[in-house]
Each structure stands twice: as C-alpha cells, then as structure tokens.
Amino acid sequence: MAKKMRPLKIAQFHWGFPPIIGGVETHLTILLPEMVRMGHKVDLLTGATEGARAVDKYKGVDVYRVPIMDLNWLAKRGLNGILSEVEEVFTGFLKRARPDIIHCHNMHYFSKPHARTLERISKESGAPLVLTAHNVWDDSLFLDLARNIKWDQIIAVSHFIKRELTGVGVPHKKITTVHHGIDESLYSPKIRYKSIFRKYPQLKGKKVIFHPARMGLAKGCDVSIKALRRIKERIPDIMLILAGTKNIIDWAQSQQKDIAYMVSLVDFFKMRNNVLIDSFELTDMPKLYAASDVCVYPSSACEPFGLTMLEALSSAKPMVVTETGGMPEIIKDGINGFVVPIKDFEALASRVIQLISNNELRDRLGYTGRQMVEQSYTKEIVTRNTLDVYRKLL
C-alpha cells in the first residue's frame with residue numbers, strides 16, 4: 001500500500017488562467033483545485049487580463065496575475081529588456097510561496113528569459129523544476145528550451161508529445177506521460193440541457209453536431225463546414241455548433257482572421273441557417289454537449305491531446321477526430337467514436353451521417369466512452385498521477 005504523501009507547497013506557472021479560455025487553462029481549473037482538496041497548498045502565477053483581479057482565489061488556489069506572464073501583451077511589447085523584471089517578479093512570488101515543487105506549463109516556448117529564470121531559481125532553492133509539455137513546436141526556440149533547460153522531469157500530455165520530445169533529444173526517462181482528466185460529474189449524460197434551447201432556440205428539434213474546439217483553421221473548422229454541405233443533403237434538419245472565443249491566448253494574432261474566413265465559408269455555401277456560432281459561457285458547455293447528437297474535432301494540426309475529447313466522452317457522446325497527434329490515443333475507431341484522415345471532409349460527413357442515422361450505434365459508442373472516462377480519465381486520476389511525479393522527485 002502506497003504511503004500517503006505529506007502536504008506539499010506547489011508553485012504553478014502558466015501564461016493564462018480563466019477568464020482566459022483554452023485547453024491548458026481548463027486543465028488547470030481541474031488539476032489545481034483537486035490538489036488543494038487532497039491537502040496541498042497551491043499558488044499560481046499567471047498573466048494579467050482585463051477584468052480579473054491581480055490577487056485572487058480560485059477554489060482554494062491562490063492566483064497572482066502579472067503583466068509579464070501575459071503573452072498577448074508580451075507579443076506586442078517584445079522580449080527585449082524583460083529579464084530583470086521577470087527575475088524580480090518570479091523571485092518575489094517564490095519567496096512568498098516557498099514551494100517544495102516548481103511546476104510550469106508550456107514554459108518550453110515563447111520566452112527564454114522566463115524559462116532560464118525558473119531554472120536558476122530552482123537550482124538555488126533546491127525545489128525540483130517540473131514542466132508539463134502541452135504542445136510541441138517546429139523551431140529552434142523549442143529545441144533550445146526543451147533540451148537545454150535542466151528540467152527535473154517533463155510531463156507529456158500524450159504519448160505523441162513524449163515521442164516528439166524524445167525525437168529532439170530529450171532523454172526518455174526524463175519524460176512521464178500523464179493524460180488529462182475531466183470532472184465527470186460536470187460533463188455527464190445526466191445533465192439537464194433543455195434550458196439551452198431558450199438561449200439558442202434554433203437548436204430545438206434539430207439534429208446537432210458540436211465542434212467544441214475554438215474556431216480556427218488548425219482546429220479543422222473549415223473541414224466541419226465542408227462536411228456539413230454533404231451531411232445536409234441527407235439530413236436537412238442539421239445544425240453545426242462552432243465555438244468562437246473572446247478571451248484566449250492568441251500569440252500569433254490569427255484568431256479573428258480565421259473566424260472571418262469561417263463565417264465567409266458558411267455564407268458562401270448558403271448555410272447560415274444551419275450553423276450556430278457564438279462565444280459560449282463555460283457554464284453552457286456541458287449543456288451543449290448534452291444537447292448534441294455527435295461531436296467532431298477534425299484537427300488539421302498535430303493536436304497534442306484535445307481536452308474536448310474527454311468532455312464529449314464524459315457526456316456519452318461519440319466523437320469523430322482525425323488521425324493526428326494524441327487524438328487516436330483517446331478516440332478508438334469503432335469503439336467510442338471514429339478516426340478519419342486529415343482534411344477528408346467526405347469521410348467526416350460519412351461517419352457523422354452513420355452516427356446520426358443509427359441510434360443504437362450512437363448510444364453504444366457514447367456509453368463506452370463514458371465508461372472509459374470513469375475508468376481512466378477522472379480528475380482524481382490525473383491529480384494522483386501528477387503528484388506521483390512529484391513524489392518520485394522528492
């Protein structure tokens with residue numbers, strides 16, 4: 001029987017946290033409060049954002065927001081001359097937190113001054129430095145910071161990410177794969193969702209496809225729209241939900257351009273009455289899953305994991321994804337959803353039509369997905385697996 005871990009002080013670093021919305025941000029809202037519930041002290045340093053308090057508390061987590069962690073601001077300002085301010089802020093934060101573990105997320109990209117400062121402070125304080133790699137990139141900055149920072153351990157969010165890291169020379173024993181987890185009580189087939197029809201009456205009485213990832217070409221929204229043309233020929237009362245988001249980290253400043261293209265594509269195909277686009281509240285998301293028949297995520301990029309897959313499966317909804325990145329690790333073809341080739345809108349349309357037309361198949365795949373979440377992807381499991389990485393370092 002495993003020994004119970006003593007209470008730890010854990011300092012977490014990430015560029016964004018709600019009201020900033022994204023996969024890593026959602027992951028932190030699941031992981032960090034669960035660490036607190038298990039008896040640990042958690043402090044988070046994150047980016048300042050409009051309308052959010054500089055010092056705040058989120059479900060027991062102490063949250064500190066500063067401009068030098070705001071990537072949207074840093075992208076405009078540039079990184080020249082930032083080192084002394086990074087060192088001052090990081091030193092002050094860690095002096096208050098006095099952590100046993102320093103754990104940062106995606107700090108192997110965007111800024112060398114931030115990563116180098118954490119490396120130095122970790123060495124001086126003796127607190128092990130843990131990185132969670134939620135993404136990989138194809139450029140020299142990624143190669144430098146992934147390989148040359150002395151991470152004590154790297155958590156990869158999928159076996160795909162681990163393989164990519166070992167491919168650029170990171171020793172495989174330095175990397176532990178820990179898949180994300182989900183609050184299976186929040187995303188559930190038992191959710192009462194009919195109130196969502198008051199907010200979005202166009203969904204009532206329709207067959208609904210939900211593309212829950214934020215709108216963008218990399219997320220395959222254009223593929224979903226092209227597939228919708230084919231689906232509509234067979235299922236006229238179809239609706240596609242696309243999630244535009246306001247508060248995101250947009251380092252490349254491409255989000256609004258992508259959204260404009262998607263809207264023009266919908267209009268070009270004369271399908272405005274079959275598409276719902278909005279910036280959905282986080283509290284609406286479980287209801288939108290519950291109101292949907294099928295979920296899709298035809299990413300055209302190497303998606304590192306895709307937390308929305310777990311949200312769909314936890315809601316007992318089958319999902320159709322592309323054969324890229326870490327997605328096939330979670331979606332098993334013909335078991336809890338389907339896997340189709342990248343950019344193949346006809347294959348996507350075919351699988352969606354099959355699922356919507358076959359209630360028994362749709363229910364079976366959805367039920368299996370829910371069972372898989374309960375067995376392998378709960379918030380308790382991801383938290384214990386993360387704490388186990390800390391335990392081995394300490």
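Helix 221-234 axis versus longest C-alpha principal axis of the chain: approximately 20°, rounded to the nearest ten. For the cross-link pairs Lys9/Lys95; Lys150/Lys174; Lys95/Lys150, the ones whose C-alpha atoms lie over 19 Å apart are Lys95/Lys150. With respect to the chain, whose longest principal axis is taken over its alpha-carbon atoms, helix 379-393 is tilted by about 30°. For the chain, the longest principal axis of the C-alpha atoms and the axis of helix 345-357 are separated by about 70°. With Cα atoms defining each centre, region 54-127 and region 184-228 are spaced 36 Å apart in the structure.
Simple point charges give the picture: +1 on the Cβ of Lys and Arg, -1 on the Cβ of Asp and Glu, and for region 196-376 a dipole about the Cα centre of about 600 debye.
Quick one: dipole size for the chain, taken about the Cα centre, charges +1 on Lys/Arg Cβ and -1 on Asp/Glu Cβ, in debye to the nearest 20.
On the way: 56 positive and 42 negative charges, 160 e Å.
Here the chain has a charge dipole of around 780 debye.
For region 268-394, the number of Lys pairs with C-alpha atoms closer than 24 Å, counting only pairs eight or more positions apart or on separate chains, is 9. Relative contact order for region 186-330: 33 percent, from Cα pairs under 8 Å spaced at least 6 residues apart, divided by residue count.
For the peptides 258-269, 187-198, 225-236, the ranking by mean Cβ contacts within 10 Å, running from highest to lowest, is 225-236, 258-269, 187-198.
Please tell me the relative contact order of the chain in percent, rounded to the nearest whole number, where contacts are Cα pairs under 8 Å and at least six residues apart. Please report the intermediate quantities before stating the final value.
Details: 735 pairs, mean separation 61.9, N = 394.
Relative contact order, the chain: 16 percent.
Given R₀ = 22 Å, what would the calculated FRET efficiency be for Leu282 paired with Glu50, taking r from the Cβ atoms and rounding to 0.05? Write down the numbers at each step before the final one.
Working: r = 17 Å, r/R0 = 0.79.
Working from the Cβ atoms, E equals 0.80.
So which GluC sites (Glu not before Pro) in region 295-394 pass both tests, a DSSP loop state and at most 15 other Cβ atoms within 10 Å of the Cβ?
Glu323
Applying the Karplus relation 6.51 cos²θ - 1.76 cosθ + 1.60 with θ = phi - 60° to region 205-213 yields 3J(HN,Hα) values of x, 10, 7, 10, 9, 10, 9, x, 5 Hz, where x marks Gly and Pro.
Bear in mind these aren't lab numbers, they're just calculated from the coordinates by the rules spelled out. Please read all numbers here as calculations on a predicted model, not as lab measurements. Backbone-built Cβ (ideal geometry, glycine too); neighbour counts: all protein chains shown.
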